[in-house]
Amino acid sequence: MKGKFITVEGSDGSGKTTFINSATEYLVKKGYKVITTREPGGTEFSEKVRELLFDSSNEIDAKTESLLFCVSRRDHIIKKIIPYVEEGYVVICDRFVDSSIAYQSYGRGLNKRDIININKYTTDGLEPDLTLYFSVDVEVGLSRTKYRDENNRMDNESLKFYKEVKRGYDELSNDYKERIKVIDANQSYEKVEKDAFKILEGFLNNEF
């Protein structure tokens, strides 16, 4: 049986990573074969690219950044995502192409069509079966992350940048309503998790 490819998107501080951990544990108990992964990263090569992208000492222009994400993504797809889906796994990925569009186009100001096109080339048109978008107000998300220890180069942007990224995610969720399901991540995490699980279970039970 072919597996499923599920992505989880949203700005930092939305609770998406915490949910991925909970969802994985839950689905394993339900008998699903599950593997979680992340972008950039997920393979040995892609994790090395991640280090380059997130190292605060590196000065990387917007186009170089967008291409490095594609380099990492291609290796990740070929070596991990597709093989596991074909083996019947539910692959849950923390970020995918939607992040590139939101961050590199809306955030960095690169041409949206260019970002879409280079990612179509990178992915051979692969799209998630389901995307859970954890939508959080920028100020709320930043308040949740400002004291953490692991902030990186991508976390040191202006408020305007993060608001543009949020606008990008919101527009994508409106353009791809069949694939992208929105969770209000401004709520308590317990409510966020409940809403997300309802969508996830409905998808796996073929309710939409």
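When only Cα pairs under 8 Å and 6 or more residues apart are kept, what is the percent relative contact order across the chain?
Here the relative contact order equals 31 percent.
Would you list, by chain and number, the aspartates and glutamates whose Cα falls below 15 Å from the Cα of Lys112, excluding same-chain residues fewer than 8 positions away?
By straight Cα distance, Lys112 reaches Glu65, Asp98, Glu164, Asp170, Glu171, Asp175.
Once the dipole of segment 50-192 is set up with Lys and Arg at +1 and Asp and Glu at -1 on Cβ about the Cα centre, which of Asn111, Val97, Cys70 lies farthest towards its positive end?
Of the options given, the answer is Asn111.
I want the local charge near Ser105. Using Cβ-Cβ distances under 12 Å, sum +1 for each Lys or Arg and -1 for each Asp or Glu among the other residues.
0
How large is log10 of I(q)/I(0) for the chain at q = 0.11, 0.12 Å⁻¹ when the intensity is taken from the Debye formula with one equal scatterer per alpha-carbon?
So the normalised log intensities work out to -0.49, -0.59.
From the cross-link list Lys16/Lys194; Lys2/Lys181; Lys33/Lys194; Lys63/Lys181; Lys33/Lys80, which pairs have alpha carbons spaced over 19 Å apart?
Too far apart for the 19 Å limit: Lys2/Lys181; Lys33/Lys194; Lys63/Lys181.
In debye to the nearest 20, how big a dipole does the chain give about its Cα centre with +1 on each Lys and Arg Cβ and -1 on each Asp and Glu Cβ?
In debye, rounded to 20, the chain gives about 260.
Rounded to the nearest 500, what is the chain's calculated 222 nm mean residue ellipticity when only DSSP H runs of at least 4 contribute -39500 (n - 2.57) each, over all residues?
After summing the helix terms and dividing by the residues of the chain, the value is -15000 deg cm²/dmol.
On the accessible surface of segment 1-101, probed at 1.4 Å, how many percent belong to carbon and sulfur atoms?
Using a 1.4 Å probe with all protein chains present, segment 1-101 comes out at 53 percent carbon and sulfur.
Quick check on segment 20-121: take the gyration tensor over C-alpha atoms, sort the square-rooted eigenvalues as a ≥ b ≥ c, and tell me if it's rounded (a/c under 1.5), prolate or oblate.
prolate
Name the residue from Thr123, Ser188, Gly3 whose Cα lies farthest towards the positive end of the charge dipole of the chain, charges +1 on Cβ of Lys and Arg and -1 on Cβ of Asp and Glu.
Gly3
Which of the aspartates and glutamates could be linked to Lys4 by a straight reach, that is with a Cα gap under 16 Å, when you skip same-chain ones fewer than 8 residues away?
Answer for Lys4, where 16 Å is the Cα cut-off: Glu86, Glu87, Asp94, Glu127, Asp129, Glu178, Glu201, Glu207, listed by chain and number.
The values are calculated or read from the model by the stated rules, or taken from the named source; none is laboratory data. All values reported here derive from a predicted model rather than from experimental measurement. Note that each Cβ is placed from the backbone with ideal geometry, even for glycine, and that neighbours are counted across all protein chains shown. Note: accessible area is taken over every heavy atom of the protein model, side chains too, but ligands, DNA and RNA are not part of it. Shrake-Rupley method; radii C 1.70, N 1.55, O 1.52, S 1.80 Å.
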